[in-house]
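Down below is the structure, laid out as structure tokens.
Read the figures in this text as sums done on the coordinates, not as results from a lab. What you see is a predicted model, and the numbers here were worked out from it, not measured in a lab. Please note: Cβ atoms are built from the backbone with ideal geometry, for glycine as well, and neighbour counts cover all protein chains shown.
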Amino acid sequence: MMHHWPQRLGNVNFPLSSTTLSFVGILLCLLGCFAPRALATNTAASTKVQYKLLHRVSYVHPADQIRNGQLYLPDSPGPHPAILLIHGGGWADGSNHNNGVNFLAPRLAMRGWVVFNINYRLVRQGGAFPKDVEDVKNALAWMILHAKQYRINPNAIIPVGLSAGAHLALMAAYTIKAHRFPATKYPHVPLHVKAAVGFYTPTDSSFVKWLPRKSWAYKILTRYAGPWMKLHPRRGLMMASPAFYANDGVPTLLIQGLADRLVPAFQATEMAAALKKSHVPEQVVMIPNIGHAFMSFPDKARSVGFSALLKFLHQQIASGRKPVSAAAAVQ
């Protein structure tokens, strides 16, 4: 079945009618450039708050060399809403020093958000699906557990991810209710999130069925999700996809370039359509003539994406809507 590409440009909120949720090029997700460490305090105008920056904060015990993050703490009383920030890199590369997350983290902290900009296990580090999702869940549990210590409002935590990190942000948020892929290090910490945000988000892994087996994309995805697919040959691909969990979704913002050839625009609109069908609040912001990983580059698209993010975050905090939580643990 052929997909019908969106014809309308600009900031839009529309579903596509295609019944097949698929995308191409999911695996080239933001291999990313690296940027220097941010300053520990900002020197912006007085209208924005200062913040402290803690490096290499471990979210697992015992601590290891991978599962840690930069913790940005606004220098004001709080409690503060919080962002769990997740870098891209095709699940195989990248770190929390990628340009995209390095751009977002200090600017959100300046505006009064606690930001936990994390690393997680990559494929070569034992992070094949679903271990990286579990890492994100562990980071979320750590934030909830340490909310008082770091002046976090535990009822106002929002995962924000870029590319492969956006896939992980949505997977972590959407699988809380069903107790799938739990926070293995914190099994007794009730998880909850206020909403979720994805920039150029891979939403469906089932496209791999139509790829040539000798293609690079096929090899990378099967390396990431192959062991899981062998355990679950019938539904494994969908179980590794946010689209599969739309019924348990949370309020979601998807920000997407219309010219993205790695994660095409219909990924966002079809994900939004699935959420809408399940009566989950959703927003899609489409940016014309923009490709993948635009948050890594200092141009107009990054400004548009950042403005859309700030607007959505303000809406979620102002809404008073209760965070999406897990029910009692399945016995």
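Mean projected area of the convex hull spanned by the Cα atoms of region 26-319, taken over all viewing directions: 14.5 nm². In a shell of Cβ-Cβ distance under 11 Å around Val123, excluding Val123 itself, what net charge do Lys and Arg (+1) and Asp and Glu (-1) give? For residues surrounding Val123, the net value is +2. Summarising the amide proton neighbourhood of Val193: residues at separation of 5 or more, or on other chains, whose placed amide H is nearer than 5 Å comprise Val324. Here Lys277 is the anchor, and the aspartates and glutamates within straight C-alpha reach of less than 13 Å, apart from those fewer than 8 places off in the same chain, are Asp248. Of Met295, Pro212, Val285, whose Cα points farthest to the positive end of the dipole of region 177-331 (charges on the beta-carbon: +1 Lys, Arg; -1 Asp, Glu; origin at the Cα centre)? Final value for the positive-end residue is Pro212.
Between Ile83 and Val114, Val115, Phe116, Ile158, the built amide H atoms are under 5 Å apart, and every one of these is 5 or more places off in sequence or on another chain.
In summary, the lysines within cross-link reach of Lys177, defined as a Cα separation below 16 angstrom excluding same-chain residues under 8 places away, comprise Lys137, Lys194, Lys322.
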